[in-house]
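**Q** Sharing a structure with you now.
The values are calculated or read from the model by the stated rules, or taken from the named source; none is laboratory data. All values reported here derive from a predicted model rather than from experimental measurement. Using ideal geometry, Cβ is built from the backbone for each residue, glycine included, and neighbour counts are taken over all protein chains shown. Protein only, heavy atoms only, side chains kept; ligands, DNA and RNA dropped before computing areas. Shrake-Rupley method; radii C 1.70, N 1.55, O 1.52, S 1.80 Å.
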Amino acid sequence: MKDRLQELQSEALEKVKQSEDLKALQDVRVAYLGKKGPITEVLRGMGKLSKEERPVIGQLANDVRESIANAIQTKQDKLEEKAMEKQLEEESIDVTLPGRPVHVGGPHLLTSIIEEIEDLFIGMGFEIKEGPEVETDYYNFEALNLPKGHPARDMQDSFYITEELLLRTHTSPVQARTMKQKDGHEAVRMICPGKVYRRDTDDATHSHQFTQVEGLVVDENIKMSDLKGVLNAFAKQMFGSERDIRLRPSFFPFTEPSVEMDISCKMCGGEGCSVCKGTGWIEILGAGMVHPNVLEMAGYDPEIYSGFAFGMGPERIAMLKYGVDDIRHFYTNDIRFLKQYHKA
Ligand code: PHE
């Protein structure tokens, strides 16, 4: 029995030595130390031994079992360490590989222009307002002195949703909304940027959807010269003092008198080209003194209050400032076009 145990021991130790992975080692453990293994079997046969032999063999069997278990544990630690080293090696990062560039986006040119306009007017004490793009017929037209059936409604071809709802054709409804909010006695000094929609055929200078920035000042004693001063300050800051501006008499139902402000065309230097339709000038905004009817409808007494309003197109401003020759570039989202205007 003694020999059998010693034989088992050296056999098991040899197998442990030969085990090359954790699975093989586990097989050795089961084979030699498991319940059905040979050592257990030897221990079961102890009943047949004499009283003297029993403790000696029992001790030996335990020693053998322990030495095999220790050998397995030591080997297991070694194999695990090896496996870990291998994993670390496989997962190591090669810091010398060149990195992948991260493509950073930037604001759309129109967003930048609108922000520039906002900053400029905030600097002159204006607040920023917003209004809905789906607007009521009342605010888009009626409150602006354009009752139903007024011929001037034809100036702005509209996308109607119902009889009373449409996509706003300009940001002017925010004039009426702001005055209503102020309850007819507070002074107003606001600009409102936003999207507007018109049933136009798209070409180099027209788009069925574009942006506008509205402006409105209402207070006691507001005069035409205040309007001129503000527009002049705006134009000089936006385009540089070397650019020419001109005011032409015009007509809008919600302002009286009305003007249009043009700025000399940068593309052709005033010679005439496709952008300025051969005139050398580009219209960038409409303006005028707020019509007394508009003040009255919004709850302001036109005998006490007066005001001026203007509406400009950021697309046209961007085209002039950066020499963009087609309004469609803003909406076709060619990244090569847009990227040129991302600030670093
Ligand atoms: N709403 C006018 C347009 O879209 C522009 C404008 C605004 C004119 C304010 C006068 C005053 O053409």
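**Q** Which count do you get for residues in region 234-290 that are at pLDDT 90 or above and within 14 Å of the ligand (Cβ to nearest atom)?
**A** Selection size over region 234-290: 22.
**Q** Here's something else I'd like to know. List every residue pair whose Cβ atoms lie under 9 Å apart, where the two residues are 6 or more positions apart in sequence or sit on different chains, the first residue falls within region 26-37 and is part of a helix (DSSP H, G or I), and the second residue, located anywhere, is exposed (fewer than 13 other Cβ atoms within 10 Å of the Cβ).
**A** These pairs meet every condition: V28/Q18; V30/K36.
**Q** Can you name every residue in region 299-322 that is in contact with a Gly (Cβ under 7 Å, 6 or more places away or on another chain), more than 14 Å from the ligand (Cβ to nearest atom) and closer than 19 Å to I191 by Cβ?
**A** Y300, the sole residue that qualifies.
**Q** Of all residues in region 207-235, which are touching a Lys or Arg at 6+ places or on another chain (Cβ under 9 Å), within 24 Å of D301 (Cα to Cα) and open to solvent by 30 Å² or more (accessible area, probe 1.4 Å)?
**A** Within region 207-235, just D219 meets the criteria.
**Q** Would you confirm whether any residue within region 266-283 is within 20 Å of R189 (Cα to Cα) and open to solvent by less than 10 Å² (accessible area, probe 1.4 Å)?
**A** Narrowing region 266-283 to residues within 20 Å of R189 (Cα to Cα): none.
Checked against the condition, which is being within 20 Å of R189 (Cα to Cα) and open to solvent by less than 10 Å² (accessible area, probe 1.4 Å), region 266-283 yields no hits at all.
**Q** Sticking with this one: Which residues, counting only those in region 209-224, are within 14 Å of the ligand (Cβ to nearest atom) and assigned to a loop (DSSP other than H, G, I, E, B)? Can you show your working first?
**A** Filtering region 209-224 down to residues within 14 Å of the ligand (Cβ to nearest atom) leaves 209-218, 222, 224.
Within region 209-224, I222 is the sole residue that qualifies.
**Q** So if I check each of D202, D183, which one is more than 15 Å from the ligand (Cβ to nearest atom), open to solvent by 80 Å² or more (accessible area, probe 1.4 Å) and in a loop (DSSP other than H, G, I, E, B)? Even if it seems obvious, please write down each step before you answer.
**A** Numbers: D202 fails: open to solvent by 80 Å² or more (accessible area, probe 1.4 Å).
That would be D183, the only listed residue that is more than 15 Å from the ligand (Cβ to nearest atom), open to solvent by 80 Å² or more (accessible area, probe 1.4 Å) and in a loop (DSSP other than H, G, I, E, B).
**Q** Taking region 64-91, which residues are of a type in the set (D, E, K, R) and either over 48 Å from the mean Cα position of the chain (by Cα) or surrounded by 10 or more Cβ atoms within 10 Å (Cβ to Cβ) (or both)?
**A** Within region 64-91, R65, E66, K75, D77, K78, E80, E81, K82, E85, K86 meet the criteria.
**Q** Okay, moving on. Right, K17: loosely packed, with under 12 Cβ neighbours inside 10 Å, modelled with pLDDT of 85 or more, over 60 Å from the mean Cα position of the chain (by Cα) and among the basic types (K, R) or not?
**A** So K17 passes the test.
**Q** Same structure again: Across region 92-113, what is the total count of residues that are surrounded by fewer than 11 Cβ atoms within 10 Å (Cβ to Cβ) and not basic (K, R)? Steps first, answer last, please.
**A** Step one: of region 92-113, the residues surrounded by fewer than 11 Cβ atoms within 10 Å (Cβ to Cβ) are 92-105.
This time we only want the ones that are not basic (K, R), so: 92-99, 101-105.
Looking only at that region, the number is 13.
**Q** Being part of a helix (DSSP H, G or I) and in contact (Cβ under 8 Å) with a residue 12 or more places away in the chain is the filter here, so list the residues in region 38-52 that pass it.
**A** If we filter region 38-52 for residues that are part of a helix (DSSP H, G or I), which is where we start, we get 38-48.
P38, I39, V42, L43, G45, M46 - these are the residues of region 38-52 that are part of a helix (DSSP H, G or I) and in contact (Cβ under 8 Å) with a residue 12 or more places away in the chain.
**Q** When you go through (1) modelled with pLDDT of 95 or more; (2) part of a loop (DSSP other than H, G, I, E, B); (3) surrounded by 19 or more Cβ atoms within 10 Å (Cβ to Cβ) one by one for M124, which number turns out not to apply?
**A** Answer for M124: the failing condition is (3).
**Q** Taking the conditions exactly as written (closer than 18 Å to V188 by Cβ, of a type outside the set (S, T, N, Q), modelled with pLDDT under 95 and in a helix (DSSP H, G or I)), does L227 satisfy them or not?
**A** Values: closer than 18 Å to V188 by Cβ: yes; of a type outside the set (S, T, N, Q): yes; modelled with pLDDT under 95: no; in a helix (DSSP H, G or I): yes.
No: the conditions fail for L227.
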